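Accompanying notes for the structure given below.
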Amino acid sequence: MSMTNREPQALDVLDDAGRKVLFTEARTANTFAEVAVADDELAMIWELARWSPSAANGQPLRVLFVRTPEGKERLGPHLDEGNRAKTLSAPAVAVLAYDVDFHEQMPTVFPARGEMLRAAFADQSEKRESLAAYNSALQTGVFLLAVRAAGLAAGPMAGFDRAGVDEEFFAGTSWRSHLVVNIGHPGADPWFPRLPRVPVDDAVAYA
């Protein structure tokens, strides 16, 4: 049978319940219940998030889960004042980072061309930085969906001192922080009123 006559592969469609959990009824939590987030729940989040697409399967996203009082004490001073109390009240906090030396993993994640890609990127630090930042942002969107899929609420926070966090947690490594995500079960009055979405006619075009 020729390829042109093959039936297209049928993919599963997410049901209404799944769409609500991940998209239409999912919200950014602003308060959290005093319920611990277990290590196996955090492991579940990463198990889902790691399947995100990325260029050449480079997978530059890295995660530091902060869930101890000691860890939060180190993180707190680097958070913007308006975010600090909210983040410190979350049972778990994910510091999302990207690895500027992601190319070292290319032989593992792209076996067919890994050695070639690792060598090609070895002396291109600026290009690696740009690619790592872009692709980790792509992976971050999937990470937030993974938090929701694990039955938890996510509260992404960009207001923090990246250089301070990098010095505190990632000194001597090739990791660079780019987002803080509060994680937990919603607390009292956790949601702000739902804000409007951009109208479809202003956001979508067809060619």
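The values are calculated or read from the model by the stated rules, or taken from the named source; none is laboratory data. Predicted, not measured: the structure shown is a model, and the values here were computed from it. No Cβ is skipped: glycine too gets one built from the backbone with ideal geometry, and neighbour counts run over all protein chains shown. Calculation scope for accessible area: heavy atoms of the full protein, side chains included, ligands and nucleic acids excluded. Shrake-Rupley method; radii C 1.70, N 1.55, O 1.52, S 1.80 Å.
State whether the residues of the range 9-18 include one that is in contact with a helix residue (DSSP H, G or I) (Cβ under 6 Å, 6 or more places away or on another chain) and over 18 Å from PHE65 (Cβ atoms).
No: the range 9-18 contains no residue that is in contact with a helix residue (DSSP H, G or I) (Cβ under 6 Å, 6 or more places away or on another chain) and over 18 Å from PHE65 (Cβ atoms).
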Scanning for something surrounded by 12 or more Cβ atoms within 10 Å (Cβ to Cβ), in a helix (DSSP H, G or I) and without any contact (Cβ under 8 Å) to a residue 60 or more places away in the chain, does the range 68-75 turn up at least one residue?
yes
If a residue has to be over 23 Å from HIS178 (Cβ atoms), of a type in the set (Asp, Glu) and not in a helix (DSSP H, G or I) to count, how many in the range 86-117 make the cut?
0
Among the residues listed as ALA17, ALA26, the single one being assigned to a helix (DSSP H, G or I), open to solvent by less than 100 Å² (accessible area, probe 1.4 Å) and closer than 21 Å to LEU145 by Cβ:
ALA17
Taking into account only those residues within the range 78-114 that are among the charged types (D, E, K, R) and open to solvent by 70 Å² or more (accessible area, probe 1.4 Å), which is nearest to PRO190 (Cα to Cα)?
ARG84
Quick check on the range 52-71. Is at least one of its residues within 24 Å of GLY151 (Cβ to Cβ), of a type in the set (S, T, N, Q) and in contact with a helix residue (DSSP H, G or I) (Cβ under 9 Å, 6 or more places away or on another chain)?
yes
Looking only at residues that are surrounded by fewer than 17 Cβ atoms within 10 Å (Cβ to Cβ) and either of a type outside the set (A, V, I, L, M) or outside any helix (DSSP H, G or I) (or both) in the range 131-146, which one is farthest from the chain's Cα centre (by Cα)?
TYR134
Scope the range 148-202; condition farther than 27 Å from ALA38 by Cβ, open to solvent by less than 50 Å² (accessible area, probe 1.4 Å) and assigned to a strand (DSSP E or B); matching residues:
none
Across the range 29-67, what is the number of residues that are open to solvent by less than 30 Å² (accessible area, probe 1.4 Å), assigned to a loop (DSSP other than H, G, I, E, B) and under 21 Å from GLU129 (Cα atoms)?
4
Just give me the residues in the range 62-77 being over 20 Å from GLY187 (Cα atoms), within 17 Å of the chain's Cα centre (by Cα) and of a type in the set (A, V, I, L, M), in sequence order.
VAL63, LEU64
Testing ARG128 on (1) in a loop (DSSP other than H, G, I, E, B); (2) modelled with pLDDT of 95 or more; (3) not hydrophobic (A, V, I, L, M, F, W, C), one condition comes back false. Which one is that?
(1)
Residues THR108, THR140: which one is farther than 30 Å from PHE32 by Cβ, modelled with pLDDT of 95 or more and of a type outside the set (A, V, I, L, M, F, W, C)?
THR108
